[in-house]
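Note sheet for the following structure.
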Amino acid sequence: MIDDNLKDVTRRIARCCEKTGRRLEDVRLVCVTKEADFSQIEEVIRLGVKDIGENRIQEALSKYKIIGDRVSWHLIGHLQTNKIKDAVRIFSLIHSIDSERVARGIDKEAKKLNKIQDILVQVNCSGEKTKFGLAPDEVIEFINAVRIYQNIAIKGLMTIAPQVDHPEKTRPYFRLLRELRDKVNSLKLTAYSLQLLSMGMSDDFEVAIEEGSDMVRIGRAIFGEKIS
Ligand SMILES: *Cc1c(COP(=O)(O)O)cnc(C)c1O
C-alpha cells in the first residue's frame, strides 16, 4: 500500500511540475512520519525517500537513534525552548520558527556544535487562532531581528493552510506566502535570498506546487489515514 501511495504522490507531483513548467528536482518531498512506525519508515527509505518530517522532538529522537543520518530530518512542529539543544543536533531544517527567543537559543546551540542551522520562518497566513506562526505583517521585522545570528541561515518561509472543503480554497494562503518571500527578497534584508517555500500537505499539495512550493510535507497520502 505504501509503495502504491508513494508512487501515486510522486506521479502527482511530477504531473503538477510539468503543468506549471517547474523542474521535478526543484520540488522536494518531505515524507511526514509522525504517524508511522519504524518498519514503515524503513519502507519509504527503501523506496527512495530522502527527507523525513517529524513534529515532536522526543519521537524524532527515538526514530533518529535507529534510522540515523541515512535521511535528512525536518522539524515541522512547534519547538519549545527546552528542546532546542536536541533539535539542533538532529534536524537539517527546522520549518517552524516564529519566536526570537527560540531563534536565539538555536543560534547558541548551533554555535556549540559548529553548525549553521537552516531554518524556515513559520507564517500563519490564515490568521487562525489555533495555529502557530507569525502574522504576515510581522515577518519582515522578525527577519530583520534574526538575520544577525551567525549560526542560523534563514532559508525561507513555511505555512500550513486551513482545512477547507476544496483544495482550491487554499490557494490564496499559498500565494500570500510566495508574495511575502518575494517581498522579503526585494528588500534585501539578508545577504542571501530566501529560496524555500515549505507549503502543501496531503490534501492541498498540488495547489501549493502551482503557487511555487519548493517543499511539500506529506503524511496521510503516503501512510494512509489513521483509524482511531
Ligand atoms: C502532520 C503534518 C503534515 C502532514 O500532513 P498530512 O495531512 O498527513 O499530509 C504536514 N505539515 C505539518 C506541519 C504537519 O504537522
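Just so it is clear, none of the values below were taken in a lab; they were calculated from the coordinates. Note that the structure is a prediction, hence the values are computed from the model and not measured. We place every Cβ from the backbone using ideal geometry, glycine too, and count neighbours over all the protein chains shown.
Laid out as a table, the results:
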quantity: Per principal axis, descending, Cα span of the stretch 39-84 in whole Å; calculated: 35, 17, 16
quantity: Principal axes of the stretch 125-200: Cα extent on each, largest first, Å; calculated: 42, 22, 19
quantity: Principal axis box of the stretch 163-228, alpha-carbon based, largest edge first, Å; calculated: 47, 21, 18
quantity: Residue among G21, F38, I97 farthest towards the positive dipole end of the stretch 1-156, charges placed on Cβ; calculated: I97
quantity: Debye, to nearest 20: dipole size of the chain, +1 on Lys, Arg Cβ, -1 on Asp, Glu Cβ; calculated: 720 debye
quantity: GNM result for the chain, Cα springs below 10 Å: residue of L134, L79, L24 fluctuating most strongly; calculated: L24
quantity: Distance violations [Cα-Cα > 18 Å] among K34/K63; K108/K188; K65/K85; K83/K111; K7/K169; calculated: K108/K188; K7/K169
quantity: Relative contact order computed over the stretch 1-106 (Cα-Cα under 8 Å; 6+ residues apart), in percent; calculated: 20 percent
quantity: The chain: antiparallel DSSP beta bridges as a percent of all, rounded to 5; calculated: 0 percent
quantity: Contact order relative to length of the chain, as percent, for alpha carbon pairs under 8 angstrom and 6 or more apart; calculated: 21 percent
quantity: Three-way shape label, the stretch 54-188, alpha-carbon gyration tensor, a/c 1.5; calculated: oblate
quantity: Debye equation applied to the C-alpha atoms of the chain, log10 I(q)/I(0) at 0.10, 0.11, 0.12, 0.14 Å⁻¹; calculated: -0.43, -0.53, -0.63, -0.88
quantity: Residue order, fewest to most beta carbons within 10 Å, for F142, F205; calculated: F142, F205
quantity: Intensity falloff of the stretch 45-129 expressed as log10 I(q)/I(0), Debye formula with alpha-carbon point scatterers, at q = 0.18, 0.22 Å⁻¹; calculated: -0.76, -1.06
